[in-house]
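**Q** The following block contains the structure, expressed as structure tokens.
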Amino acid sequence: MKVTNVSIKLSPQSGDRLKAFCTMTLDGEFVVRDLKIIEGTNGLFVAMPSRKLTDHCPKCNGKNHLRAKFCNDCGGHLPEKRVSDEDVQGKLHADIAHPINSECRARLQEVILHAYRDELRRAGRGEEAAAAVAQPEPDAYQEGDSGVSPVHPEASAAKPGVKNGG
Ligand SMILES: [Zn+2]
């Protein structure tokens, strides 16, 4: 399997932990959208496309994101702490598509980060490109822990308070 095309959409602000969105084409005939390039604790990693996990409202059985405070359907107050703080990192999102071994993950990441650096240079952000290195181990990703997204909830929400200081 070869990545035959990568397109990168840079985050406008270089201080965001979410650095870019990415679309890749596999073997010239299959497109995967919504990959994310995230600034981790000591470098960049590529997060697979993911969806928010949901549960059901106790009153009307409507579907709501685990962090929602009120039901989307009936407006009722939802129970708090449906996910414990320790569990939050892995359990708010689940990967929609992902590699099943670290070799494939590393290969995809290399191609995508290469395209990311090219895009930064094209945008006149060469210094960021030079500093854009992959972190050795992706955050919150464990071998065999399939379906668990490495995306930090904070990173995907792109809160203004989350900056990397650079
Ligand atoms: Zn409801």
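**Q** Pairs needed: first member in the range 29-41, at positive phi; second member anywhere, surrounded by fewer than 17 Cβ atoms within 10 Å (Cβ to Cβ); C-beta distance under 7 Å; at least 6 residues apart or different chains.
**A** Close Cβ pairs satisfying both conditions: Asp34/Phe21.
Residue-wise test of (1) more than 18 Å from the chain's Cα centre (by Cα); (2) closer than 19 Å to Gly43 by Cα.
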{"site": "Leu66", "(1), (2)": "no, no"}
{"site": "Cys71", "(1), (2)": "yes, no"}
{"site": "Leu78", "(1), (2)": "yes, no"}
{"site": "Ile100", "(1), (2)": "no, no"}
{"site": "Glu119", "(1), (2)": "yes, yes"}
{"site": "Ala123", "(1), (2)": "yes, no"}
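**Q** Right, Lys81: away from the ligand (no atom under 16 Å from the Cβ), among the charged types (D, E, K, R) and not assigned by TED's automatic domain parsing to the domain that holds Ala123 or not? Before you say what the answer is, go through the steps one by one.
**A** Numbers: away from the ligand (no atom under 16 Å from the Cβ): yes; among the charged types (D, E, K, R): yes; not assigned by TED's automatic domain parsing to the domain that holds Ala123: yes.
Considered against the rule, which asks whether it is away from the ligand (no atom under 16 Å from the Cβ), among the charged types (D, E, K, R) and not assigned by TED's automatic domain parsing to the domain that holds Ala123, Lys81 comes out as yes.
**Q** Another question, then. In the set Arg51, Arg67, Arg82, which member is farther than 28 Å from Val133 by Cβ, in contact with a strand residue (DSSP E or B) (Cβ under 9 Å, 6 or more places away or on another chain) and touching a residue at least 60 places away in the same chain (Cβ under 8 Å)? Don't jump to the end; show me each part of the working.
**A** Working: Arg51 fails: touching a residue at least 60 places away in the same chain (Cβ under 8 Å); Arg82 fails: touching a residue at least 60 places away in the same chain (Cβ under 8 Å).
Within the list Arg51, Arg67, Arg82, the selection yields Arg67.
**Q** Quick check: anything in the range 84-102 assigned by TED's automatic domain parsing to the domain that holds Gly126 and hydroxyl-bearing (Ser, Thr, Tyr)?
**A** yes
**Q** So in the range 49-71, with the set limited to residues that are of a type in the set (A, V, I, L, M, F, W, C) and closer than 27 Å to Phe21 by Cα, which one is nearest to the ligand (Cβ to nearest atom)?
**A** Ala68
**Q** Among the numbered conditions (1) on the phi < 0 side of the Ramachandran plot; (2) basic (Lys, Arg); (3) free of Cβ contacts under 8 Å to residues at least 40 places away in the same chain, tell me where Lys19 comes up short.
**A** Here Lys19 clears every test but (3).
**Q** Follow-up. For a quick check of your reading: which strands (runs of 3 or more DSSP E) sit entirely within the range 14-126 and have at least 1 residues that are touching a Ser or Thr at 6+ places or on another chain (Cβ under 7 Å)? Talk me through it step by step, then tell me what you get.
**A** On the way: elements: 18-26, 30-39, 44-47, 50-52, 54-56, 63-65, 93-95.
Answer list for the range 14-126: 18-26, 30-39, 44-47, 50-52, 63-65, 93-95.
The values are calculated or read from the model by the stated rules, or taken from the named source; none is laboratory data. Not measured: the values here are computed from a predicted model. With ideal geometry, Cβ positions are generated from the backbone for all residues, glycine too; neighbour counts draw on all protein chains shown.
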